[in-house]
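This report concerns only the one structure given below.
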Amino acid sequence: MKPVKILLVGLAAIALFTGCATTGVHPWTENLMGTKYRKATVDNKQTYFRQIWAVEDNGELRISGYLRLKGMHGFRVPDYVEVALITPGGDPMAAQKVLYYPRSLYGRKSHREGRFVATFALIPPEGTTVRLENVN
């Protein structure tokens, strides 16, 4: 192989493995958000949620995603993401307040979004709503 092809194959392999490490989800894992679970977000003037994943693994439910700034400035952004599981009947089942990383969202190119992960030691029934809110 030519050196250019070797370099391209190496870069593709690095992108694949680092992508899996940063998302925390294997590319062959099925996202259950939208098929088994529903997503509900509480509106915030400064932030929104994107790429929300729900994965069942070893008897646990893992919810992950990104909290992203809507604008260019991140003044007084709440410190936590609250992930709550709501039964199909509307009753709260479980909730967690988790930190997002990086901790400071101040609008520069690499600090416009933070990643969060919440792990629950139960598998909720189908039709459960996952409610996401940016809180203090």
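The values are calculated or read from the model by the stated rules, or taken from the named source; none is laboratory data. Because the structure is a prediction, the values reported are computed rather than measured. Glycine gets a Cβ as well: all are built from the backbone with ideal geometry, and neighbour counts include every protein chain shown.
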>> If I filter the range 60-81 for residues that are more than 18 Å from Asn31 (Cβ to Cβ) and hydroxyl-bearing (Ser, Thr, Tyr), do I get at least one hit?
In response: yes
> So, of the residues in the range 27-43 that are surrounded by 10 or more Cβ atoms within 10 Å (Cβ to Cβ), of a type outside the set (A, V, I, L, M, F, W, C) and outside any strand (DSSP E or B), which turns out to be modelled with the lowest pLDDT?
Replying inline: Thr29
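Table: residues versus (1) out of contact with any Asp or Glu (no Cβ under 7 Å at 6 or more places or on another chain); (2) among the aliphatic types (A, V, I, L, M); (3) in a loop (DSSP other than H, G, I, E, B).
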position: Val83; (1), (2), (3): yes, yes, no
position: Pro88; (1), (2), (3): yes, no, yes
position: Ala94; (1), (2), (3): yes, yes, no
position: Lys97; (1), (2), (3): no, no, no
position: Arg103; (1), (2), (3): yes, no, yes
position: Tyr106; (1), (2), (3): yes, no, yes
position: Gly114; (1), (2), (3): yes, no, no
position: Val117; (1), (2), (3): yes, yes, no
position: Leu122; (1), (2), (3): yes, yes, yes
> Does Leu132 satisfy being in a loop (DSSP other than H, G, I, E, B) and in contact (Cβ under 8 Å) with a residue 24 or more places away in the chain?
Replying inline: no
> Across the range 44-101, what is the number of residues that are closer than 14 Å to Val130 by Cα, buried (at least 19 other Cβ atoms within 10 Å of the Cβ) and either hydroxyl-bearing (Ser, Thr, Tyr) or not assigned by TED's automatic domain parsing to the domain that holds Thr119 (or both)?
Replying inline: 1
